[in-house]
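These notes are about the structure you will find just below.
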């Protein structure tokens, strides 16, 4: 099993596209490391941001970002960059991808009450369902075709003294494909031990993966439709906005694009 779910260079990618994004990115320069910030400085007021070297990058407007971090900044070096300018630079695209991913992960947090656990690994992000009290988990969600629906997202595959569970999960990566920004998603199964949460050791994952993480788990229509419905929560758009960022939305439907175009 590809535990990091990196995009294969020769596959079709299932992409939830961004249909609206801010046109500008705020960049401010720190005078000192954030770990030395005053105790009364509330980082939450700055919104979601990326700490890139000695700079902070954010969709938060420059005046609001500067106001939130004022005592930490060299105010003369703050700037508001057109997104097109950032996208034209390979390093800028990577930071922008990172920033968009943080907004998406913040959105995923809303599903924690339904057992979705977000790992947030910088090298290969994934989220998967935990069992409920060491047992299976069934969730309810809004289906575009059938209205209210339910799904067994954690199922027990072996009983006795050493049970293990098959947990549905999602690998995700923010990419630009053919000029379109989006969240590339790849459904998968992870295999958990008796607590229905903690993944089994790597060797056990590989053994079970050969059966359960085949092509159908990654691209089968039922898996993709479920994640499309679950992530959008029955809404026409996925709303990733926050205070000070008022135009960040993902579309409702997956696009299938060739991954060779990925940037």
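A few comments on the model shown:
Okay, residues lined up against (1) part of a strand (DSSP E or B); (2) at pLDDT below 85; (3) crowded, with 17+ Cβ neighbours inside 10 Å:
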{"site": "183", "(1), (2), (3)": "yes, no, yes"}
{"site": "211", "(1), (2), (3)": "no, yes, no"}
{"site": "225", "(1), (2), (3)": "no, no, no"}
{"site": "228", "(1), (2), (3)": "no, no, yes"}
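- Residue 80 vs. criteria surrounded by fewer than 17 Cβ atoms within 10 Å (Cβ to Cβ) and either at pLDDT below 95 or closer than 30 Å to residue 233 by Cα (or both): no
- Here 112, 58, 76, 97 are screened, and the one residue that is closer than 14 Å to residue 29 by Cβ and out of contact with any helix residue (DSSP H, G or I) (no Cβ under 8 Å at 6 or more places or on another chain) is 76.
- Segment 116-142 - residue that is closer than 20 Å to residue 252 by Cα and surrounded by fewer than 17 Cβ atoms within 10 Å (Cβ to Cβ) and, of those, modelled with the lowest pLDDT: 142
- Identity of the residue in segment 140-155, touching a strand residue (DSSP E or B) at 6+ places or on another chain (Cβ under 9 Å) and without any contact (Cβ under 8 Å) to a residue 60 or more places away in the chain, that ends up farthest from residue 187 (Cα to Cα): 148
- Within the option set 69, 65, being more than 17 Å from residue 248 (Cβ to Cβ), touching a strand residue (DSSP E or B) at 6+ places or on another chain (Cβ under 7 Å) and at pLDDT 90 or above holds for one residue only, 69.
- Residue check: residue 40 meets all listed conditions (1) surrounded by fewer than 18 Cβ atoms within 10 Å (Cβ to Cβ); (2) part of a helix (DSSP H, G or I) but one, namely (2).
- Restricting attention to segment 98-115, the residues being buried (at least 17 other Cβ atoms within 10 Å of the Cβ) and over 20 Å from residue 237 (Cβ atoms) number 1.
- Pick from segment 29-59, criterion touching a residue at least 40 places away in the same chain (Cβ under 8 Å) and under 20 Å from the mean Cα position of the chain (by Cα), ranking: farthest from residue 92 (Cα to Cα): 47
- Counting only strands (runs of 3 or more DSSP E) that sit wholly inside segment 69-157, those with at least 1 residues that are more than 15 Å from the chain's Cα centre (by Cα) and over 30 Å from residue 197 (Cβ atoms) are 79-82.
The values are calculated or read from the model by the stated rules, or taken from the named source; none is laboratory data. These numbers come from a predicted model, not from an experiment. Cβ coordinates were reconstructed from backbone atoms using ideal geometry, including for glycine residues, and neighbour counts include every protein chain displayed.
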